[in-house]
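Q: Dropping the structure in here first, questions after.
The values are calculated or read from the model by the stated rules, or taken from the named source; none is laboratory data. What you see is a predicted model, and the numbers here were worked out from it, not measured in a lab. Counting neighbours? That spans all protein chains shown, and the Cβs are built from the backbone with ideal geometry, glycine included.
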Amino acid sequence: MTTSAAVDADAASAAPRRVALVPLTAVLGGVLLVSLVCGVGLGASGVPWGDVLHLLRAGLTGGTLSQDEAAAYTIVWQIRLPRTVLAAVVGAGLAVTGVAVQAMVRNALADPFVLGISSGAAVGANAVILLGAFSALGVWALSVSAFGSALAAMVLVYAAARSAHGLTPLRLVLTGTAMSYGFSAVTTLMVFSADRGEAARAAMMWLLGSLGGATWGSVPLAAAAVLGGTAHLARSARRLDVLAMGDETAAALGVDAGRLRGELFVVTAAVTGAVVAVSGAIGFVGLMVPHLVRMVVGADHRRVLAVAPLVGAVLLVWVDVLSRVLLAPAELPVGVITAVVGVPCFLLLMRRRGYAFGGR
Amino acid sequence: MRVDINDLSVEIAGNRLVHDITLAAEEGQVVGLVGPNGSGKSTVLRCAYRALRPAAGTVLLGGEDLHAMAARAGARRLAALPQESSAEFDFTVAEVVAMGRLPHQRGPGPGGGGLWGKALRGAGGSRGSGRSRGAGSGGTGSGSLGHASLDARRICADALARVGAAHLANQGFLTLSGGERQRVLIARALAQQPRVLVLDEPTNHLDIAHQLDVLALVRDAGLTVLAALHDLNLAAGHCDVLYVIARGRIVASGAPHDVLTPQLLADVFGVRAHRVRHPETGAVHLLFDRLDRHDHQERGTQP
């Protein structure tokens, strides 16, 4: 074990760990960079690799371009790059919130959507898609409305789940699930009463997740939320460990589980809301990536939270590439691919390793 | 460190679970709480490790009010083994023991930062954050961080060795047997470096050898101990003082064999008890039989 890894392992034992963290994150960081470049290069209209690198460099350093490169430059910088970056941000956000929610409700089956936030966002998004609400906001209407209704859902779920003992896992899951049904009913009603088939299709696309609407404008808020949320959760990693051991144990170790859960709820709901607002409800990433990462690095949240965002980012960049390429020029919903790719990969890993999801 | 619980009452949802509990544990004493199921033993202990807030009364550690302390300050003085011992995720034994260091870690928020936290702190010039705070400039700060983590590791390794579980460090906590788990949880409590140890039924689900082991470990830790126990012979054999709780009130206290009289055992537990002497050690043991129903009614103590 290297010195830096030893320092990082902090209070943990002197025992050899499952995988050295620093090399792993370095490799994943490299893979993410390569994936981003590939994500820009691959798509319905091919851009040669040499041109991709040249155009990316030109955009970063301000070089001059010839007239006939302008079209490719627009594809790379205005369409592909924001989309690919957003895919990475969304993937990282879903993975990290998945980790936090699983620890928060102490349930291996939980994912970011179990809190009802994304169903809430769907109400806002579909109000825009189907009913043309908030048309004054122009291109921002969809994201703003989705984020706004995600926050509203967060307040509702929080208020309904709160009890004298703060937030307890079961109340939180049950409230989130029940509210999800309520929100879904509203969405379904809107889809059902929409007379335009095209709009219903767009609504469906949103519900399954898509990065097709990505522009540079949609990146900053999502990126800030994901970065801020990840930093906060990483700082809370030890408390997440303790929370996973149970509320009584947490109390004995000086952690007020009810209050911590409230804090985590707000953070994860804000990140989920920001991510869902720009990408729709992309399923499976938030459930699968945390488990995938735990299989490799163990349950220690400092390690899980260092690796999960990178894995989530890489995964979603490639899933988005597939969604663009497989049926080009048509696009597949991202949620379909996360499931098709994720399920077999997940089952395979699960069978190969002696991983206990939560009990043996 | 002595523990004084004064006039403690607890209410949950309007029901008063325990009434005016007053008990004391001198420095280094092992104090047992015994009583039938539902008598309020756990409730009293949960107040002691802050899982519950009393409706009235105080818990004093060395004369200081526990519930007025910062949560972590309390956890540095008092460690506990609650009855739950579930882990939802597959932590290693070493990781479980390391959790005991949480109350001792300074850091941004009560967290302590992972790789990202560290990277972000580095990027932000480690402004005012965390462990480097007391350690002067950035350079020495990272040095002291190394020391702190080495200390913590040594403490955790010592704790595991003291309970005879050093060889388990890399195993998954969920793969352990009940006896091993209990040892590891005691190691976690020891890693907390507390002055007081609170145990709620620490021998539950353990075979007899492990029961004796666990209680010997607890005794040898040299801490002030407050333990709820079901097995009255174990309680009598391992505690300096016993408090008997029935229906939320303390009904007797004192040296074990002054307290556990056949009369009290019939009244509180509804059993007929005989005292016998161990043929070799001479220690007093209790034998139990069912109390006949009409015996009961004659005494008129049982509903």
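Q: Checking A:W318 against (1) surrounded by fewer than 24 Cβ atoms within 10 Å (Cβ to Cβ); (2) in contact with a Phe, Trp or Tyr (Cβ under 9 Å, 6 or more places away or on another chain); (3) at pLDDT 90 or above; (4) not aliphatic (A, V, I, L, M), which single condition isn't satisfied?
A: (2)
Q: A follow-up question, please. Does B:Q83 satisfy the condition of being modelled with pLDDT of 90 or more and under 19 Å from the mean Cα position of the chain (by Cα)?
A: The answer is no for B:Q83.
Q: Ok, one more. Any chance you could count how many residues in segment A:234-252 are within 7 Å of another protein chain (Cβ to nearest Cβ), crowded, with 24+ Cβ neighbours inside 10 Å and either in contact (Cβ under 8 Å) with a residue 12 or more places away in the chain or within 29 Å of A:A92 (Cβ to Cβ) (or both)?
A: 9
Q: So if I check each of B:D7, B:D90, which one is at pLDDT below 90 and in contact with a Gly (Cβ under 6 Å, 6 or more places away or on another chain)?
A: B:D90
Q: Would you please list the contacts, defined by Cβ atoms under 6 Å and residues six or more apart or on different chains, that run from a residue in segment B:194-220 that is among the polar types (S, T, N, Q) to a residue that is in a loop (DSSP other than H, G, I, E, B)?
A: B:Q211/B:T203
Q: Still on this structure: Somewhere in segment B:234-242, is a residue β-branched (V, I, T) and in contact with a His (Cβ under 8 Å, 6 or more places away or on another chain)?
A: No: segment B:234-242 contains no residue that is β-branched (V, I, T) and in contact with a His (Cβ under 8 Å, 6 or more places away or on another chain).
Q: May I ask you to say which residue of B:A51, B:A94 is under 23 Å from A:G258 (Cα atoms), facing chain A (nearest Cβ under 8 Å) and in contact (Cβ under 8 Å) with a residue 24 or more places away in the chain?
A: B:A51
Q: While we're here: Looking at (1) in contact with a His (Cβ under 8 Å, 6 or more places away or on another chain); (2) surrounded by fewer than 16 Cβ atoms within 10 Å (Cβ to Cβ), find the lone condition where B:V34 falls short.
A: The number of the failed condition is (2).
Q: Could you figure out which of (1) within 13 Å of chain B (Cβ to nearest Cβ); (2) without any contact (Cβ under 8 Å) to a residue 60 or more places away in the chain; (3) within 15 Å of the chain's Cα centre (by Cα) isn't true of A:P309?
A: (2)
Q: Hey, could you check segment A:292-306 for residues that are farther than 19 Å from A:R235 by Cβ and within 11 Å of chain B (Cβ to nearest Cβ) and say which is surrounded by the fewest Cβ atoms within 10 Å (Cβ to Cβ)?
A: The residue in question is A:M295.
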